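The values are calculated or read from the model by the stated rules, or taken from the named source; none is laboratory data. Just so you know, these numbers come straight off a predicted model, no measurement behind them. Don't worry about glycine lacking a Cβ; one is built from the backbone with ideal geometry, like all the others, and counts go over all protein chains shown. Note: areas computed on protein heavy atoms with side chains; ligands, DNA, RNA excluded. Shrake-Rupley method; radii C 1.70, N 1.55, O 1.52, S 1.80 Å.
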Amino acid sequence: EALTNACAEANGVAYEYSLFDKAYSGMGTTLVGGVIKSGGNGYIINVGDSRAYHISKRANSIYQITRDHSLVEELVEAGAITKEQARLHPQKNVITRALGSEAEVRPDYFEFTLQPGDILLLCSDGLTNAVPREQLEQLLRTGRFYDLPDLLIRTANENGGPDNITALLLCVEEVR
């Protein structure tokens, strides 16, 4: 409920700016946010194509928690294009849901559980568009946790990163 309320508040502010200031007309942005509670229970919301990933060192797996609200994601789900074609599609940045573009927005909501040693990555499309999934997975598996945010952003920039790049990581030390 707190995440949904925060999303509604942020959407309202952004939408009001778009109505009262021509410089912001038609603007929109993406959002990914979360809460981790005791016991390792996690809750994520997203709007647009900013993502959350669950990295389990124990299971040696990386799982994309969120689903992009984008034209190419809809094309992939419909079977019209492959994931690889989506990565290179000329309209890959066309989002179908954004914060601030309408008076109300509906975020997607996800629940998951983190174990000790697991990592949660929240990131913008500036990271995922510039760093192919295979490279992202390799960096997350081999990098030292405290170096990972800088490493991910540096790699995105080295790969041409034309967009803003955000990477926030949380490591679960122990579950109480």
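In table form, for the structure just shown:
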| item | result |
| --- | --- |
| Relative contact order (percent, whole number), the stretch 40-132, Cα cutoff 8 Å, 6+ residue spacing | 45 percent |
| Where trypsin sites (Lys or Arg not before Pro) fall in DSSP loop in the stretch 62-169, at most 11 other Cβ within 10 Å | Arg144 |
| Heavy-atom accessible area ranking, 1.4 Å probe, most first, across Ile36, Ile62 | Ile36, Ile62 |
| Accessible area (Å², 1.4 Å probe, nearest 10) - Glu9 | 120 Å² |
| The chain, relative contact order [Cα under 8 Å, separation at least 6], % | 26 percent |
| Segment Lys57-Phe145, length gained on full extension (0.36 nm per residue, minus Cα span) | 30.5 nm |
| Taking the convex hull of Cα positions in the chain, its mean projected area over all directions (nm²) | 10.9 nm² |
| Mean separation of Cα contacts under 8 Å, 6 or more apart, over the residue count of the stretch 122-165: relative contact order % | 61 percent |
| Accessible area of Cys171 in the full protein assembly, 1.4 Å probe (Å², nearest 10) | 40 Å² |
| The stretch 135-175 - Debye-derived log10 I(q)/I(0), Cα point model, q = 0.22, 0.24 Å⁻¹ | -0.73, -0.84 |
